[in-house]
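Input: a single structure, listed below in structure tokens.
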Amino acid sequence: MKDLNELFAGGNLESEDDLNTRIIEITNQIQENYPELTPYINEIPISVPSDPSPEVNNKILKDYYDSLYQIVMNHEKNKPNKDEQ
């Protein structure tokens with residue numbers, strides 16, 4: 001399993017396969033290392049067209065990935081240091 005630095009590095013996420021892989025990896029990281037954030041995964045709003053067969057495009061996948069990333073980064077930034085406890 002990749003660590004968070006590897007997971008979030010990598011510049012442009014252009015291919016659908018790359019985005020799907022990164023979404024799976026960050027979701028696994030959240031479930032394994034930040035179980036307290038798991039409820040938020042399902043609460044992230046995703047803009048999906050009202051079409052009965054919506055097309056999931058790279059922008060939607062990138063937005064979802066970015067939302068997951070922000071949840072983890074905000075959690076990391078706001079959690080108390082072990083030295084402060």
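Observations
- Once the Cα-Cα distance is subtracted from the 0.36 nm per residue extended length, the Tyr34 to Glu76 segment shows a gain of 14.2 nm.
- Each of Glu16, Glu36 was scored by other Cβ atoms within 10 Å of its Cβ. Listed from fewest to most, they are Glu36, Glu16.
- Taking Thr27, Thr38 and counting other C-beta atoms within 10 Å, the order from fewest to most: Thr38, Thr27
The numbers here are math on the coordinates, done by the rules we state, and not lab data. Predicted, not measured: the structure shown is a model, and the values here were computed from it. Here Cβ is always computed from backbone atoms with ideal geometry, including for glycine, and neighbour counts include all displayed protein chains.
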